[in-house]
Amino acid sequence: MKKMGRSQILDKVHLYTVRTLMGITVVGCATLGLQIYNYYKHVRPARLDERRVKREEEISLEQSEKELELLRRQREAEEMTKY
């Protein structure tokens, strides 16, 4: 078996380190891409739907409060006209 010099050993270590880091980068980019896809495909639409439903409930509550106030004023006006 052939003996390796110090520079050859360092070259091999450097080569495998670079390959490892390149692999980690590829896997990291793929993972990040999947996270971004998941956010825009599932999470964001769900949050927007929740906000829309909440806003519709608030509008409905405001309308019902206004209707109750209108009914109260109509009753007061009817009672005032009785006398």
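The values are calculated or read from the model by the stated rules, or taken from the named source; none is laboratory data. If you're wondering where the values come from, they're calculated on a predicted model, not measured in any experiment. All Cβ positions, even for glycine, are placed from backbone atoms using ideal geometry, and neighbour counts span all protein chains on display.
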Return yes when Met22 is hydrophobic (A, V, I, L, M, F, W, C) and exposed (fewer than 10 other Cβ atoms within 10 Å of the Cβ) and no when it is not.
no
Odd one out for Lys2, checked against (1) surrounded by 10 or more Cβ atoms within 10 Å (Cβ to Cβ); (2) among the basic types (Lys, Arg); (3) not in a helix (DSSP H, G or I)
(1)
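Would you say Gly5 is at pLDDT 95 or above and small (Gly, Ala, Ser)?
Working: at pLDDT 95 or above: no; small (Gly, Ala, Ser): yes.
Judged against the criteria, Gly5 is not a match.
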